[in-house]
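The values are calculated or read from the model by the stated rules, or taken from the named source; none is laboratory data. In this text, all values refer to a predicted model and were calculated from it rather than measured experimentally. So basically every Cβ, Gly included, is an ideal-geometry build from the backbone, and we count neighbours across all protein chains shown. For the accessible areas, the whole protein counts, side chains as well, though only heavy atoms, and no ligand, DNA or RNA atoms are used. Shrake-Rupley method; radii C 1.70, N 1.55, O 1.52, S 1.80 Å.
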Amino acid sequence: MSATKAPVKKHNGPRESLFSRSGAMLVMAICTFYFLIPIWWLFVAATKDRGDFTSSAPLWFADFNLIDNIVNLANYREGLFFQWMLNSILYAGAGAAVATLFATMMGYALAKYSFRGRETLFNVVLGGVLVPATALALPLFLVFSQVGATNTFWSVFLPSIVSPFGVYLARIYASSSVPDELVEAARIDGSGEVRTFFTVATRLMTPAMVTIFLFQFVTIWNNFFLPLIMLRDEKLFPVTLGLYIWNSQVNQIPEIRAYVIIGALLSIIPLIIAFLSLQRFWRSGLGTGALK
Amino acid sequence: MANRIARAGGALVLVSALALSACSTGAGTDGGTDAADACTPSDGPVTLSFTTWLPGMEDAAAIWNEQNPDIQVEVQTGPNGLGGTYNNFFNQIEAGNAPDLGQIEYDALPNFRVQDGVVNIASCEGVMDAQDEFIDWTWSQVTFGEEDSVYAIPQDTGPEALFYRADLFEAAGIDIPTTWDEYAEAAAQIREEGGYITNFSQSDINAFAGLVWQADGQWFENDGEAWDVTLDSPESLMVADYWQGLLDDDLVATLPAWTDEWNNGYNSGEVWSWVSAVWGANSITSGAPDTAGNWAVAPMPQWNEGDSAAGNWGGSSTAVLKGSEHPYEAAQFALWLNTDPEALASMNATANIYPATKTGGDLPAFSEGLDFFGGQNIYDVFAAAGAEVNPDFTWGPTMTQVYTDVADGFSGAISGSGTLTDALTDGQQKTIDAMKAAAIAVNE
C-alpha cells in the first residue's frame with residue numbers, strides 16, 4: 001500500500017510523440033466531421049422552407065422556418081407522424097424492456113444452474129446471433145399469416161422481444177458479477193430462486209441490463225424490414241417505415257419532401273435521449289465485463 | 001436503400017415465381033381464367049381492403065363508402081411498388097391473405113399475370129363495357145390482348161412531352177426542336193451557351209423505354225405461348241445510338257436523377273429541357289422553384305418530321321388480387337374509382353393523378369393555365385399526347401430485373417465503359433436467362 005503513497009509517475013508506458021498524437025487527433029477530427037456532417041445537413045435542411053431548400057447553400061441556414069415546418073408536419077394528415085413516433089417508442093421501449101427481462105433471466109439461468117444440454121442450448125442461442133433479422137422477416141410473415149395475425153401490433157412486437165445477443169451478454173456478465181456464494185447465501189436464508197433472481201441478481205446485473213436494453217432499443221427502432229412486410233395499416237407504422245413510405249410519395253406530392261426531412265430530424269431525438277441518459281450505465285457495463 | 005430493396009425484391013419475386021410455377025401448371029397461359037365465370041355479388045355487407053401508395057386515397061374511398069354502405073373499402077398504405085409493395089403482394093398472395101385490391105403499375109402487371117396473382121374480372125358486371133371510356137393503350141395494358149380478359153382497371157397515365165425553359169431558348173435565339181435531329185442541333189448550340197439541353201438518367205430505364213415506345217419500338221411481345229424479348233430491336237438500338245451520340249459529345253448532363261444535384265441543375269438553369277411525363281410538372285415545380293414562370297411545354301421531338309408520336313412514362317392500374325373473396329364488389333369499386341369524376345377529382349387533388357379515361361383531361365384541375373409555366377395550359381399538350389401513344393407496347397414479366405440490369409449497363413456507358421447499345425444487348429441476354437430461370441417460356 002505504501003507504493004501508492006509514493007509520488008505517482010505521471011505517465012505509464014512510453015510517452016507518445018507529438019507527431020503521432022496530432023496524427024491521431026487529425027484522423028479523429030476527420031471522422032467526427034464525416035459522421036456529423038449528415039446530421040448537420042439534416043438539421044439545416046429542416047429549418048428551410050421549400051423554396052430555400054434547393055436554392056440556398058446546403059450546409060448553411062437560409063430563413064429559419066423550423067417551427068413552421070414542425071407545425072406543418074403536425075397538421076399534415078392529422079398528425080400521423082406523431083402517431084408513428086408513439087408507435088416506435090412503444091415498439092422499441094416496451095419491446096426492449098421485455099427483451100431485456102427475458103435475456104437476463106435466460107443468461108442468469110445459463111450461468112448459475114447446471115443442467116443437461118446447457119451448452120447445447122447456449123450454442124443454439126449463439127447461433128441465433130448470426131441470423132440476420134432480415135432473413136427471418138419472411139418466415140415470420142408466413143407464420144403470422146397462418147394465425148391471421150399480420151397487420152397487428154403483435155406481429156411487430158412479438159418478434160422484437162427476443163435478443164440472442166442479450167442472452168449471451170447476460171450469461172457472461174452473470175457468471176462474472178454474481179458470485180455463487182451470494183446465491184448460496186440467499187438460498188440458505190430461505191429465498192426462493194425467483195426472489196433471488198429479482199432481488200439479488202438483477203441488482204448486480206444492472207449495467208448489463210442497461211446495455212442489453214440500449215442495444216435492443218436501437219435494433220427495434222431501426223428494424224425496417226419486418227414492419228414493411230407485416231404492416232399495411234398506416235396507424236400501426238413505426239416512424240422508419242412511415243418516413244420511407246412518405247419518401248416514396250415525393251413524386252406524387254412534392255411538399256412531402258419537407259415532411260420527410262423534418263420528420264427524420266425529429267425521429268432521431270429519442271435515440272439521442274436514450275443514449276445520453278443511459279450512456280453512463282452502458283459504459284460501465286461494457287467495462288466491467290471486460291475487466292473481470 | 002430503395003435500390004437495394006428493389007434488387008432484393010427482384011430475387012424474391014424470382015423465388016416466388018419458381019414456387020408458384022412449380023405448383024400451378026400452365027400458369028403462364030391460362031391461370032386466372034377460372035375466376036372469369038364466377039363473378040357474382042356476395043350476400044350481405046362486404047368490407048374490402050385496398051393497398052395503395054397514393055397519398056390521400058382515403059378521401060376517395062370515403063366518397064365511395066358514403067354512397068355504398070354495404071361495400072365498405074378500407075385503405076391500406078405501402079411504399080411505392082418497387083419499394084416493397086409488390087413483394088408484399090406476392091408474399092401475401094402466397095400466404096393467402098392478400099388485400100382484395102391493389103395498385104399495380106402497368107410495367108409490373110405482366111409479372112402478376114404470369115404468376116397468377118391477379119383475378120380476371122372480365123365477367124364482372126360493367127367491366128367489359130368500360131373499355132370505351134379508357135385511352136386505348138391503357139386498356140391493352142390490362143388485357144394483354146387476350147380475349148375476354150381484363151386483369152385490372154387502368155388508373156392513370158404518363159403521356160410525355162417536352163418541358164423547356166422558354167426564356168433561355170428565346171434569349172439564345174434557338175428554336176424549339178420539333179424533331180430529334182433539331183434537338184441534337186439545339187443541344188450543340190446550348191452547349192456553346194454553357195448549358196446542357198437535358199439530363200440523361202442512368203437509373204430511369206422506364207423513361208428510356210418511353211422513348212423507345214415513341215419510336216414504335218417494343219421490348220417484349222407475347223404470342224400466347226411464349227415471350228419474345230426484343231430489347232435489341234432496331235428501334236430500341238436507334239434510340240440508344242442517338243443518346244450515345246449526345247453522351248459522347250458531352251451534350252447532355254449526367255446528374256443522378258431525383259437528387260438535390262439534379263434539382264439544382266434545373267433550378268440553376270444549367271439544364272434547359274426535359275422530355276418527361278405529365279407528372280413531371282410537379283417534379284420541376286418543386287425542384288426548380290427559382291425558375292417559376294419561365295417554363296413551357298411542347299410536344300415531344302419526332303423521329304420523322306410531321307409525325308405526332310408520343311411516349312409514355314409511368315401509370316398505374318387497380319387490380320383485384322388473387323384470393324379475394326369478393327371479386328364482384330372489388331371490381332365495382334375499381335371501376336368507380338377510375339371513372340367517376342368525383343373520385344378522379346379527389347385523386348387528382350391529393351396525389352396529382354392524371355386519369356386514364358378519355359375524358360380525364362376534362363377535370364376542372366386541368367382547365368387552367370399554370371403560373372409556373374407562364375400561364376400556359378400545359379394539360380392540353382399532354383391530353384393530345386395521350387391520344388398519340390402507340391397502343392401495342394408490352395411490358396415483360398420480369399421488369400424489376402430488366403431495370404436493374406439495363407441500369408447497370410447505362411451507368412457503365414455514362415462512366416465511359418461500354419455503350420448504351422451494349423447495355424441493351426447485355427440486358428437482352430440477362431432477361432432471357434432470368435425468364436428461363438423463372439420457368440417462363442421464351443422464344444429464341
When residue A:212 is evaluated against the numbered criteria (1) part of a helix (DSSP H, G or I); (2) touching a Lys or Arg at 6+ places or on another chain (Cβ under 8 Å); (3) of a type in the set (A, V, I, L, M), which criterion, by number, is the only one it fails?
(2)
Hey, residue A:33 hits all of (1) at pLDDT below 90; (2) loosely packed, with under 11 Cβ neighbours inside 10 Å; (3) closer than 30 Å to residue B:262 by Cα but one; which does it fall short on?
(1)
Residue check, residue B:365 open to solvent by 50 Å² or more (accessible area, probe 1.4 Å) and in contact (Cβ under 8 Å) with a residue 12 or more places away in the chain:
yes
Where residue A:249 falls short, out of the listed (1) within 19 Å of residue A:160 (Cβ to Cβ); (2) open to solvent by less than 10 Å² (accessible area, probe 1.4 Å); (3) of a type in the set (S, T, N, Q):
(1)
How about the stretch B:406-421: which of its residues are out of contact with any Ser or Thr (no Cβ under 7 Å at 6 or more places or on another chain), over 15 Å from residue B:241 (Cβ atoms) and β-branched (Val, Ile, Thr)?
B:406
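Any chance you could count how many residues in the stretch A:107-140 are more than 30 Å from residue A:228 (Cα to Cα) and aliphatic (A, V, I, L, M)?
First pass over the stretch A:107-140, keeping only residues more than 30 Å from residue A:228 (Cα to Cα): A:107-123.
Okay, now just the ones that are also aliphatic (A, V, I, L, M), so A:109-111, A:121.
Qualifying residue count for the region: 4.
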Residue count, the stretch A:127-148 (criterion: farther than 26 Å from residue A:213 by Cβ, under 27 Å from the mean Cα position of the chain (by Cα) and open to solvent by less than 70 Å² (accessible area, probe 1.4 Å)):
3
Any residue that is within 14 Å of chain B (Cβ to nearest Cβ) and out of contact with any helix residue (DSSP H, G or I) (no Cβ under 8 Å at 6 or more places or on another chain) - is there at least one of those in the stretch A:101-114?
no
List, please: which pairs have Cβ atoms under 9 Å, are six or more places apart or on different chains, and start with a residue in the stretch A:136-147 that is in contact (Cβ under 8 Å) with a residue 60 or more places away in the chain and end with one that is loosely packed, with under 15 Cβ neighbours inside 10 Å?
A:144/A:154
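Please tell me if residue A:150 is within 14 Å of chain B (Cβ to nearest Cβ) and among the hydroxyl-bearing types (Ser, Thr, Tyr). Talk me through it step by step, then tell me what you get.
Numbers: within 14 Å of chain B (Cβ to nearest Cβ): yes; among the hydroxyl-bearing types (Ser, Thr, Tyr): yes.
Yes.
Output the number of residues of the stretch A:26-60 satisfying the condition of being under 21 Å from residue B:290 (Cβ atoms) and in a helix (DSSP H, G or I).
Residues of the stretch A:26-60 that are under 21 Å from residue B:290 (Cβ atoms), as a first pass: A:41, A:44-60.
Restricting the remaining residues to those that are in a helix (DSSP H, G or I) gives A:41, A:44-46, A:50-55.
Final tally of qualifying residues: 10.
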Say whether the condition of being open to solvent by less than 10 Å² (accessible area, probe 1.4 Å), within 18 Å of the chain's Cα centre (by Cα) and more than 11 Å from chain A (Cβ to nearest Cβ) is met by at least one residue in the stretch B:80-102.
no
Within the stretch A:193-204, residues farther than 14 Å from residue A:110 by Cβ and open to solvent by less than 40 Å² (accessible area, probe 1.4 Å) come out as A:196, A:200, A:202
With respect to residue A:52, is the statement that it is at pLDDT below 95 and either surrounded by 14 or more Cβ atoms within 10 Å (Cβ to Cβ) or among the hydroxyl-bearing types (Ser, Thr, Tyr) (or both) true?
yes
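Going residue by residue through the stretch B:328-342, is there one that turns out to be open to solvent by 50 Å² or more (accessible area, probe 1.4 Å) and touching a Leu at 6+ places or on another chain (Cβ under 8 Å)?
Within the stretch B:328-342, the subset open to solvent by 50 Å² or more (accessible area, probe 1.4 Å) is B:341-342.
Right, trim to touching a Leu at 6+ places or on another chain (Cβ under 8 Å) and you get B:341.
The answer is yes, given that some residue of the stretch B:328-342 is open to solvent by 50 Å² or more (accessible area, probe 1.4 Å) and touching a Leu at 6+ places or on another chain (Cβ under 8 Å).
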Do we find a residue being in a loop (DSSP other than H, G, I, E, B), free of Cβ contacts under 8 Å to residues at least 24 places away in the same chain and out of contact with any strand residue (DSSP E or B) (no Cβ under 9 Å at 6 or more places or on another chain) anywhere in the stretch B:132-151?
yes
Could you please tell me which pairs satisfy a Cβ distance under 6 Å, a separation of 6+ or placement on different chains, a first residue in the stretch B:44-62 that is farther than 17 Å from residue B:316 by Cβ, and a second residue that is open to solvent by 50 Å² or more (accessible area, probe 1.4 Å) and not in a helix (DSSP H, G or I)?
B:45/B:70; B:47/B:72; B:49/B:74
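Residues checked against (1) open to solvent by less than 40 Å² (accessible area, probe 1.4 Å); (2) within 21 Å of the chain's Cα centre (by Cα); (3) under 14 Å from residue B:413 (Cα atoms); (4) more than 14 Å from every other protein chain (Cβ to nearest Cβ):
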{"site": "B:240", "(1), (2), (3), (4)": "yes, yes, yes, yes"}
{"site": "B:261", "(1), (2), (3), (4)": "no, no, no, no"}
{"site": "B:266", "(1), (2), (3), (4)": "yes, no, no, no"}
{"site": "B:277", "(1), (2), (3), (4)": "yes, yes, no, no"}
{"site": "B:288", "(1), (2), (3), (4)": "yes, no, no, no"}
{"site": "B:293", "(1), (2), (3), (4)": "yes, no, no, no"}
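Scan the stretch A:276-289 and tell me whether some residue there is touching a Gly at 6+ places or on another chain (Cβ under 9 Å), more than 14 Å from chain B (Cβ to nearest Cβ) and in a helix (DSSP H, G or I).
Quick first cut of the stretch A:276-289, residues touching a Gly at 6+ places or on another chain (Cβ under 9 Å) only: none.
Taking every residue of the stretch A:276-289 in turn, none turns out to be touching a Gly at 6+ places or on another chain (Cβ under 9 Å), more than 14 Å from chain B (Cβ to nearest Cβ) and in a helix (DSSP H, G or I).
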Inter-residue pairs, beta-carbon under 8 Å, first more than 8 Å from chain B (Cβ to nearest Cβ) and in the stretch A:232-249, second of a type in the set (D, E, K, R) and open to solvent by less than 30 Å² (accessible area, probe 1.4 Å), 6+ apart
A:242/A:234
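Among the residues of the stretch A:169-190, how many are open to solvent by 20 Å² or more (accessible area, probe 1.4 Å), of a type in the set (Ser, Thr, Tyr) and farther than 16 Å from residue A:114 by Cα?
Result for the stretch A:169-190: 1.
Which of the helices (runs of 4 or more DSSP H) contained wholly in the stretch A:150-202 include at least 2 residues that are closer than 30 Å to residue A:226 by Cα and in contact (Cβ under 8 Å) with a residue 24 or more places away in the chain? Steps first, please.
Details: elements: A:153-160, A:164-177, A:180-188, A:193-196.
Filter on the stretch A:150-202 gives A:153-160, A:164-177.
To keep it simple, each residue is scored yes or no on (1) within 18 Å of residue B:103 (Cβ to Cβ); (2) at pLDDT 95 or above.
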| residue | (1), (2) |
| --- | --- |
| B:22 | no, no |
| B:33 | no, no |
| B:36 | no, no |
| B:42 | no, no |
| B:53 | yes, no |
| B:68 | no, yes |
In this structure, does residue B:111 turn out to be open to solvent by 10 Å² or more (accessible area, probe 1.4 Å), over 30 Å from residue B:292 (Cβ atoms) and in contact (Cβ under 8 Å) with a residue 24 or more places away in the chain?
yes
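Report, by residue number, each residue of the stretch B:129-146 that is among the small types (Gly, Ala, Ser) and under 15 Å from the mean Cα position of the chain (by Cα).
Step one: list which residues in the stretch B:129-146 are among the small types (Gly, Ala, Ser), which gives B:130, B:140, B:145.
B:140 - this is the single residue of the stretch B:129-146 that is among the small types (Gly, Ala, Ser) and under 15 Å from the mean Cα position of the chain (by Cα).
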Please go through the stretch B:382-426 and pick out each residue that is within 20 Å of residue B:81 (Cβ to Cβ) and not in a loop (DSSP other than H, G, I, E, B).
B:399, B:400, B:401, B:402, B:403, B:404, B:405, B:406, B:407
Is there any pair with a first residue in the stretch A:50-78 that is within 10 Å of chain B (Cβ to nearest Cβ) and a second that is in a loop (DSSP other than H, G, I, E, B) and open to solvent by 60 Å² or more (accessible area, probe 1.4 Å) whose Cβ atoms are under 8 Å apart and which are 6 or more apart or on different chains, and what are they?
A:50/A:255; A:52/A:63
Evaluate the stretch A:114-126: report whether one residue or more is within 21 Å of residue A:216 (Cα to Cα) and open to solvent by less than 50 Å² (accessible area, probe 1.4 Å).
yes
